[in-house]
Amino acid sequence: MKKRTVMSISALALLAGVAIFSLMPNRDAAAQSAGAYINLVELDIDPGETAKYMELIKENGAASVKEPGCRVFNISVLASNPNHVVLYEVYDNEAALAAHRTTDHFKKYQAAVAKMVVGRNVRAVTGIAFNSKAH
């Protein structure tokens, strides 16, 4: 009986240690939350180039979601400023985003819009909850 109790206590201690260790933050915790890597990009587009830019980003986004590691590539603009573009990209991990940046379609997009983009802010963000409704 004592041996079984000691083994049970040891097993509980081991499980508690694993649970505590898994809750400890690591350097990749923010980027990997919810099993995804989120890239939030805000771009200011030259007002004279907005229409052409939209064609190019839509083409890039459509090609991006066909990549194995890209889950979401949403394109939005501020309601108050159609020249301020917000890209919300969700990848399986940071490596998938890095792979995206090496694709021919991304390189083509990047070269084509280089002079159209007058401001850029790129950030990795942490996903807390992903809620959606099937259409």
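Taking Phe130, is it outside any strand (DSSP E or B) and in contact with a His (Cβ under 8 Å, 6 or more places away or on another chain)?
no
Which of the following residues is over 26 Å from Asp46 (Cα atoms), among the aliphatic types (A, V, I, L, M) and modelled with pLDDT of 95 or more: Ala114, Ala95?
Matching residue, one of Ala114, Ala95: Ala95.
Here are some residues: Ala111, Ala36. Which one is among the aliphatic types (A, V, I, L, M), surrounded by fewer than 13 Cβ atoms within 10 Å (Cβ to Cβ) and out of contact with any Cys (no Cβ under 7 Å at 6 or more places or on another chain)?
The unique qualifying residue is Ala111.
Could you grab me the full set of residues in region 78-94 that are of a type in the set (Ser, Thr, Tyr) and either assigned to a loop (DSSP other than H, G, I, E, B) or in contact with an Asp or Glu (Cβ under 9 Å, 6 or more places away or on another chain) (or both)?
Passing the criteria: Ser80, Tyr91.
Go through region 81-107 residue by residue and tally those that are more than 30 Å from Gly35 (Cβ to Cβ) and in contact (Cβ under 8 Å) with a residue 24 or more places away in the chain.
The total comes to 2.
State all residues of region 45-77 that are part of a strand (DSSP E or B) and either within 18 Å of Lys107 (Cα to Cα) or not basic (Lys, Arg) (or both); if no residue qualifies, say none.
Passing the criteria: Ile45, Cys70, Val72, Phe73, Asn74, Ile75, Ser76, Val77.
The values are calculated or read from the model by the stated rules, or taken from the named source; none is laboratory data. Only a predicted model underlies this, so the values are computations on that prediction, with no experimental measurement involved. With ideal geometry, Cβ positions are generated from the backbone for all residues, glycine too; neighbour counts draw on all protein chains shown.
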